[in-house]
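Worksheet for the structure shown next.
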């Protein structure tokens, strides 16, 4: 159970003052806020003893809370309106100070926009954000779950009584992360399901994460084409001290391939040397990792017009919209050093990368606004292809070999919907998502970042889907 209490006071207003070159006046806002978040996680006996279906071990209940007091302010200053050198120009700024129990953070932003003529506008912004860990990240119940791996790195696949040269030397020994030669050669270390236990959950010792965001964009609203607009924005975001997890697979690599003592300390094998049954697990609690960096380009376009302008009288109007994102980079830095501690998940899925991250995705919609109070729309959703992430010692991820699920093809979905204003008080809605009943992309390496053998966050897992609804006001 989570609860939140919020007390906010804010004042917004027009100062009545303007620059000599501007018609618009300076706008300001400032205020105070107090928030308290509390978490109480209570598990029943089955979960507390690890007897729940799909559990790798016990999940213990926990409680905790955080509170913060904040002061904030914003200002927008118009610089010019209808000047020979600018159709409009303005700058804006914002600041927020947050005081937590043990830390204080500062968040701020500055931005500017400039339109030399009415048809085109340029904009840019920089923001520094400092985010303290939330109550779930700090106090979520620690418990066992499962992660996917093709094999235990310490399992000698030959099972011939002789240590395979491919087995890392760090596997053999008496440490908590190590096995005996007999255990390595027994064939019992590999999970038949390709799943192994990890201990996940909250960490009350988390620190805030810091991010820097740069955006540069242009907006085009051509007067020669009324009803049309196009915006293109470049974004560049870096996060330091990202609140995330190191990842059990990364822990494997760091321990067995890079001899990282801290990583080895997070691997706890059962007396038989296994990580998939009994008390064996890899610790993977929330942590402040090195960081994340992502960049790309967002596209947004809209066009609305009357069909009569096209020579089709008394048939209403059309609205066209398009939203797309090109992902240039999605870097994760575990902060643990070594070539394999930094990897780029652009175009990859599973293991270190989780949900597929296609380079390109878009949504295009066409809506016919009929003269009979009926709106009919068709939507095309597209997600680009992705490749399974298999991390190598050099940090590369394209090492899937001949796996059947190495590649996810691009997915395209067609959705149809209609909204009918029956009366002033009654609205009917109906539609079909995934009209062509496309099957989702499937993999046996989905793990906890998806569901079953696919990623319903991205793909339509249930196929064709019909819906109907009524809204009535009385």
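Condition check ((1) buried (at least 16 other Cβ atoms within 10 Å of the Cβ); (2) in a strand (DSSP E or B); (3) out of contact with any strand residue (DSSP E or B) (no Cβ under 9 Å at 6 or more places or on another chain); (4) on the phi > 0 side of the Ramachandran plot) across all residues:
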residue: 361; (1), (2), (3), (4): yes, yes, no, no
residue: 378; (1), (2), (3), (4): no, yes, no, no
residue: 401; (1), (2), (3), (4): no, no, yes, yes
residue: 416; (1), (2), (3), (4): no, yes, no, no
residue: 427; (1), (2), (3), (4): yes, yes, no, no
residue: 438; (1), (2), (3), (4): no, no, no, no
| note | Within segment 169-211, the residues that are part of a loop (DSSP other than H, G, I, E, B) and within 30 Å of residue 104 (Cβ to Cβ) are 201, 202, 203, 204, 205, 206, 207, 208
| said: Quick test of your reading of the structure: residue 11 fulfils all but one of (1) part of a strand (DSSP E or B); (2) loosely packed, with under 14 Cβ neighbours inside 10 Å; (3) at pLDDT below 95. Name the failing condition by number. | reply: (3)
| message | So for segment 66-75 (the condition being farther than 14 Å from residue 32 by Cα, surrounded by 14 or more Cβ atoms within 10 Å (Cβ to Cβ) and either at pLDDT 95 or above or more than 28 Å from the chain's Cα centre (by Cα) (or both)), does at least one residue qualify? | response | yes
| field | Criterion (farther than 19 Å from residue 455 by Cα, surrounded by fewer than 18 Cβ atoms within 10 Å (Cβ to Cβ) and under 24 Å from the mean Cα position of the chain (by Cα)) met by exactly one of 365, 406 | value | 365
| Just wondering, is there one or more residues in segment 66-85 that are in contact with a helix residue (DSSP H, G or I) (Cβ under 9 Å, 6 or more places away or on another chain) and farther than 22 Å from residue 124 by Cβ? | yes
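Does residue 197 satisfy being touching a residue at least 40 places away in the same chain (Cβ under 8 Å) and more than 30 Å from residue 122 (Cα to Cα)?
So residue 197 passes the test.
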| query | Of all residues in segment 440-461 being free of Cβ contacts under 8 Å to residues at least 24 places away in the same chain and part of a loop (DSSP other than H, G, I, E, B), which is surrounded by the fewest Cβ atoms within 10 Å (Cβ to Cβ)? | reply | 452
| request: Working only within segment 308-354, note down all residues that are surrounded by 16 or more Cβ atoms within 10 Å (Cβ to Cβ), part of a loop (DSSP other than H, G, I, E, B), in contact with a strand residue (DSSP E or B) (Cβ under 9 Å, 6 or more places away or on another chain) and touching a residue at least 40 places away in the same chain (Cβ under 8 Å). | output: 316, 334, 335, 345, 347, 350, 351, 352, 353
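For segment 95-123, give me each residue that is closer than 22 Å to residue 25 by Cβ, touching a residue at least 24 places away in the same chain (Cβ under 8 Å) and surrounded by 15 or more Cβ atoms within 10 Å (Cβ to Cβ). It would help to see each step written out before you state the result.
From segment 95-123, those closer than 22 Å to residue 25 by Cβ are 95, 109-115, 118, 121, 123; that's our starting set.
Now restrict to residues that are touching a residue at least 24 places away in the same chain (Cβ under 8 Å): 113-115, 118, 121, 123.
Those that are closer than 22 Å to residue 25 by Cβ, touching a residue at least 24 places away in the same chain (Cβ under 8 Å) and surrounded by 15 or more Cβ atoms within 10 Å (Cβ to Cβ): 113, 114, 115, 121, 123.
Per-residue answers, yes or no, for (1) touching a helix residue (DSSP H, G or I) at 6+ places or on another chain (Cβ under 9 Å); (2) modelled with pLDDT under 95; (3) over 30 Å from residue 82 (Cβ atoms); (4) in a loop (DSSP other than H, G, I, E, B):
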| residue | (1), (2), (3), (4) |
| --- | --- |
| 19 | no, no, no, yes |
| 25 | no, no, no, yes |
| 28 | no, no, no, no |
| 32 | no, no, yes, no |
| 47 | no, yes, yes, no |
| 52 | yes, yes, yes, yes |
| task | Would you mind stating whether residue 101 is part of a loop (DSSP other than H, G, I, E, B) and on the phi < 0 side of the Ramachandran plot? | result | yes
| Residues being part of a strand (DSSP E or B) and within 21 Å of residue 132 (Cβ to Cβ) - total across segment 269-292 | 4
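Table: residues versus (1) touching a helix residue (DSSP H, G or I) at 6+ places or on another chain (Cβ under 7 Å); (2) within 24 Å of residue 234 (Cα to Cα).
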| residue | (1), (2) |
| --- | --- |
| 316 | yes, no |
| 322 | no, yes |
| 327 | no, yes |
| 333 | yes, yes |
| 339 | no, no |
| 345 | no, yes |
| 357 | no, yes |
| 365 | no, yes |
| 376 | no, no |
| query | Can you name every residue in segment 105-160 that is over 20 Å from the mean Cα position of the chain (by Cα) and in a helix (DSSP H, G or I)? | reply | 139
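Would segment 292-307 turn up any residue that is free of Cβ contacts under 8 Å to residues at least 24 places away in the same chain and out of contact with any helix residue (DSSP H, G or I) (no Cβ under 6 Å at 6 or more places or on another chain)? Talk me through it step by step, then tell me what you get.
Step one: list which residues in segment 292-307 are free of Cβ contacts under 8 Å to residues at least 24 places away in the same chain, which gives 306-307.
Right, trim to out of contact with any helix residue (DSSP H, G or I) (no Cβ under 6 Å at 6 or more places or on another chain) and you get 306-307.
The answer is yes, given that some residue of segment 292-307 is free of Cβ contacts under 8 Å to residues at least 24 places away in the same chain and out of contact with any helix residue (DSSP H, G or I) (no Cβ under 6 Å at 6 or more places or on another chain).
The values are calculated or read from the model by the stated rules, or taken from the named source; none is laboratory data. Bear in mind the structure is a predicted one, so any value in this text is a computation, not a measurement. A quick note on method: Cβ atoms are made from the backbone with ideal geometry, for glycine too, and the neighbour counts reach across all protein chains shown.
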